[in-house]
There are 2 protein chains.
Amino acid sequence: MATEVMSEDATGGPAKPMRADARRNYERLVEAARQVFTDQGGEASMETIAKQAGVGVGTLYRHFPKRIDVVEAVYRGDVETLVRAADRGPGELPPWEALEAFLRGYVAYARGKKVLINELHEAFDKNPGLKLESRDRIWAACGRVLARAQAAGMARSDIDGDDLMQLVSPMCVHATLTEEQGDRLLAMVLDGLRPPGPEKLS
Amino acid sequence: MATEVMSEDATGGPAKPMRADARRNYERLVEAARQVFTDQGGEASMETIAKQAGVGVGTLYRHFPKRIDVVEAVYRGDVETLVRAADRGPGELPPWEALEAFLRGYVAYARGKKVLINELHEAFDKNPGLKLESRDRIWAACGRVLARAQAAGMARSDIDGDDLMQLVSPMCVHATLTEEQGDRLLAMVLDGLRPPGPEKLS
DNA sequence: TTACTATACGGAGGGTGCCTCCGTTTTTCA
DNA sequence: TGAAAAACGGAGGCACCCTCCGTATAGTAA
């Protein structure tokens, strides 16, 4: 992978690479924050996150000057994981399994997003590009995974990635979705995605 | 009006009426909170609210044990104002003007709701009935106002209150709605609500 | 009016959370 | 290996939520 963890200047361009300990702690902190937010919800304290990462709060604040920066880093990581998994498909998973894995990954992503909902709302307000960019990346990834399944004849070809996300995304956003219900509905969607059998050709 | 401000027991039944000073302060506090939330946003502090009301924080906390209780009281008041205004229509305003006033009131209500969005999310989580009940009351009020306008021949009769709310409510919820845009769109909706002229009967 | 009691008031202060500051430790590089 | 640069850690400042309790006042009965 080409994206090394670095400090960035205001223009977003790469700056000096981080010192080894700094980089190690950066990664620990993001992972600790993800864990703590999952366990305790979006109001978990900075002290808790630092402790979980095994560093002092000073270190946490050097890497993430404001609380919202931690939230943003966790969220960016989640999006990254989802999109990467989509493009890891070819060569590792057959096209249909890759599609199934992507959709399951999306549901998990959406669940994680829900516990940070208030925090993310603030982050999106401050930085509207983050929301749009993330959405675009995810929808595009969905399109690629679906297209591969379609090219292999494993998925019906009369819908595209945007259609699929338009169906699944609101389902995940709706407040009353339980984990089991999400699984059942996803199974149904996947069944509906299979190419129509010969007897069903109208 | 029959609803006097009282303390309530756990079952919601009426208890002893409040002492005069307590009641005065209760009302001042709700109004102060509404003002402060409008001015400073939903994260305004309890101290600020108490100061704005001219009372100590102790008094604020006696009336509203948790921060979220203040939010809920403000919200309930907003709903009450909107619904009351709807039913004040007959006798005070001609049916069409009452409908117009109701919709403008709804847009204002929705705007106020937006600054409390995070707080209300929490309140609705804790008390799901609040959300549903408020929605029902508002949609029903819309139905009554629209029905009166329809009965007077001032509004087209092929849509009902639920249709109307289904149109206007998402418009207000959407994050990017500006105040001017809301006014323009509402004007358009109102034009669309007028009964079709004779020349347009298809 | 007065005296008495239940009720309400006010704000100091406890606890926690975000964030800053700076002395100490570790890494890097000549 | 030694010095400079970079990063670490956590005490402490500040703001906020909420509690506690001494003081003040509305309501009531004589």
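The values are calculated or read from the model by the stated rules, or taken from the named source; none is laboratory data. The model shown is predicted, which means the values in this text are computed figures rather than measured ones. Heads up, the Cβs are rebuilt from the backbone with ideal geometry, glycines too, and the neighbour counts pull from every protein chain shown. Only protein heavy atoms, including side chains, enter the accessible area calculation; ligands, DNA and RNA are left aside. Shrake-Rupley method; radii C 1.70, N 1.55, O 1.52, S 1.80 Å.
Brief remarks follow.
- Given +1 at the Cβ of Lys and Arg, -1 at the Cβ of Asp and Glu and no other charges, the dipole of the protein assembly as shown around its Cα centre is 640 debye to the nearest 20.
- Normalised by the number of residues in chain A, the mean separation of alpha-carbon contacts (under 8 Å, six or more apart) gives a relative contact order of 17 percent.
- Applying a threshold of 30 Å to the alpha-carbon distances of A:K131/B:K114; A:K131/B:K66; B:K16/B:K114; A:K66/B:K131; A:K16/A:K113 flags A:K131/B:K66; B:K16/B:K114; A:K66/B:K131; A:K16/A:K113 as lying beyond it.
- Descending semi-axes in whole angstrom, ellipsoid equivalent of segment B:58-162, from the Cα gyration tensor: 31, 14, 10
- Across the identical copies, the 7 Å label point of B:W139, projected outward along Cα→Cβ, sits 2.8 nm from its counterparts, in ascending order.
- Counting only protein heavy atoms and a 1.4 Å probe, segment A:107-202 has 59 square angstrom of accessible area per residue.
- Dipole of segment A:114-202 computed with +1 at Lys/Arg Cβ and -1 at Asp/Glu Cβ about the Cα centre; of A:L116, A:S134, A:P195, farthest Cα towards the positive end is A:P195.
- For segment A:24-112, the C-alpha radius of gyration sits at 1.26 times the compact-globule guess of 2.2 N^0.38 Å, with N the residue count.
- Pairing chains B and A buries close to 300 square angstrom of accessible surface in total, based on protein heavy atoms and a 1.4 angstrom probe.
- Model label points for A:D158 and B:Q35, set 7 angstrom from Cα along the Cα-to-Cβ axis, are 6.2 nm apart.
- When nucleic acids and ligands are ignored and a 1.4 Å probe is applied, B:R104 ends up with an accessible area of around 100 Å².
- Where only alpha carbons of segment B:14-65 are counted, the Rg and the Dmax (Å): 11.2, 35
- Using every pair of separate Cα atoms, the Kirkwood estimate puts the hydrodynamic radius of chain A at 18.7 angstrom.
- Carbon plus sulfur fraction of accessible area for the protein assembly as shown, probe 1.4 Å, in percent: 54
- Projected-area mean, the protein assembly as shown, by convex hull of Cα positions, square nanometres: 29.1
- Interface residues, segment A:90-129 - accessible area loss of 50 Å² or more versus chain alone, probe 1.4 Å: A:N118
- Relative compactness, segment A:115-202, computed as alpha-carbon Rg over 2.2 N^0.38 Å: 1.33
- Point-to-point label distance, B:E92-A:R88, nm (Cα→Cβ direction, 7 Å offset): 6.3
- Dipole size of segment B:14-65 about its Cα centre, with +1 on Lys/Arg Cβ and -1 on Asp/Glu Cβ: approximately 360 debye, rounded to the nearest 20.
- Qualifying trypsin sites (Lys or Arg not before Pro) in segment A:130-184, DSSP loop, other Cβ atoms within 10 Å at most 14: A:R156
- Estimated FRET transfer efficiency when R0 is 30 angstrom, pair B:K114-B:M46 (beta carbons, to 0.05): 0.90
- Computed magnitude of the charge dipole of segment B:35-105 (debye, nearest 20; Cβ of K, R +1, Cβ of D, E -1): 300
- Chain B's nearest residue to the axis relating it to A, judged by Cβ and reported with the distance in whole Å, is B:N118, 2.
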